[in-house]
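Enquirer: Just passing along the structure, written as structure tokens.
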Amino acid sequence: LNPHPSTSSRTTSPPWTRQKFLKVGIPLGIGVIGVSALGLLSQSIDYSALESLLQARDWHGADKETKRLMLQVATWEETEQFWGSENIERFSCKKLHRLDDLWVKYSNGKFGFSVQAEIWQEVGSPIEPGNEQWQALGDRVGWRKDDKWVSNDYLVADSSLSPAGEFPMGIWWG
């Protein structure tokens, strides 16, 4: 990844590989949602509702739909908590890449998992939630305001005003 890409000129994101997902996804906390090892590669996902929300620039709605789709792929209940790296290794990178592509496309490169991953690398690739680097990530993407973590209801949700990487957020707080 280029550590200082021009996100405004991006229309697609670089391909996700299992290794990249493991390197970036685990520290970012994507593991909080969980994944089942069964049926991930063959499961058909309908992205049309997400695409419609993104086209309408309904960032909060798209955020909730992204979370719903990821939970569907993961066959994971929102009430469940953490899961291990063995589950992450089985998460479909193709589906994650598709979600990312949609976010990047409709936000003109401002939002998406790949945008968040670039910022995560820029702040030092924090692994331990709560440390200064992790807080710097939250500050950069708008998930922290006045030194406090906020829920997605408090995000700017305006692509002309929002910081890069602000969305999707709901999956991280799942």
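The values are calculated or read from the model by the stated rules, or taken from the named source; none is laboratory data. For clarity, every value in this text was computed on a predicted model and none was experimentally measured. Neighbour counts run over all protein chains shown; Cβ positions are idealised from the backbone, glycine included. Heavy atoms of the whole protein, side chains included, go into the accessibility calculation; ligands, DNA and RNA do not. Shrake-Rupley method; radii C 1.70, N 1.55, O 1.52, S 1.80 Å.
Enquirer: Mind checking which residues of the stretch 128-174 are part of a helix (DSSP H, G or I) and hydrophobic (A, V, I, L, M, F, W, C)? If you could, list the steps in order and put the result at the bottom.
Expert: Kept after step one, since they are part of a helix (DSSP H, G or I), are these residues of the stretch 128-174: 132-141, 152-154.
W134, A136, L137, V141 - these are the residues of the stretch 128-174 that are part of a helix (DSSP H, G or I) and hydrophobic (A, V, I, L, M, F, W, C).
Enquirer: Within the stretch 123-142, which residues are out of contact with any helix residue (DSSP H, G or I) (no Cβ under 7 Å at 6 or more places or on another chain) and within 22 Å of K105 (Cα to Cα)?
Expert: Once the filter is applied, which keeps residues that are out of contact with any helix residue (DSSP H, G or I) (no Cβ under 7 Å at 6 or more places or on another chain) and within 22 Å of K105 (Cα to Cα), the stretch 123-142 yields only G142.
Enquirer: Looking only at the stretch 158-174, count every residue that is modelled with pLDDT of 90 or more and not charged (D, E, K, R) and tell me the total.
Expert: Going through the stretch 158-174 one residue at a time, the tally reaches 8.
Enquirer: Out of the residues in the stretch 111-124 meeting the condition of being closer than 18 Å to H97 by Cβ and not aliphatic (A, V, I, L, M), tell me which one is most open to solvent (accessible area, probe 1.4 Å).
Expert: Going through the qualifying residues, I end up with Q121.
Enquirer: With respect to the numbered conditions (1) within 17 Å of R57 (Cβ to Cβ); (2) within 12 Å of the chain's Cα centre (by Cα); (3) at pLDDT 90 or above, which one is the sole condition not fulfilled by K105?
Expert: Just one mismatch for K105, condition (2).
Enquirer: Please go through (1) under 24 Å from R57 (Cα atoms); (2) touching a strand residue (DSSP E or B) at 6+ places or on another chain (Cβ under 7 Å); (3) open to solvent by 10 Å² or more (accessible area, probe 1.4 Å) for Q135 and return the number of the only condition it doesn't satisfy.
Expert: Unmet condition: (1).
Enquirer: Give all pairs with beta carbons closer than 7 Å in which a residue from the stretch 143-168 that is open to solvent by 90 Å² or more (accessible area, probe 1.4 Å) meets a residue that is modelled with pLDDT of 90 or more and not aromatic (F, W, Y); count only pairs at least 6 apart in sequence or on separate chains.
Expert: Sorted first by the residue in the stretch 143-168, then by its partner, the pairs are W149/G138; Y154/K145.
Enquirer: Okay, next question. Go through the stretch 93-110 and give me each residue that's open to solvent by less than 10 Å² (accessible area, probe 1.4 Å) and of a type outside the set (G, A, S). Give the derivation first.
Expert: Residues of the stretch 93-110 that are open to solvent by less than 10 Å² (accessible area, probe 1.4 Å), as a first pass: 96, 99-100, 102-104, 107, 109.
Once the filter is applied, which keeps residues that are open to solvent by less than 10 Å² (accessible area, probe 1.4 Å) and of a type outside the set (G, A, S), the stretch 93-110 yields L96, L99, D100, L102, W103, V104.
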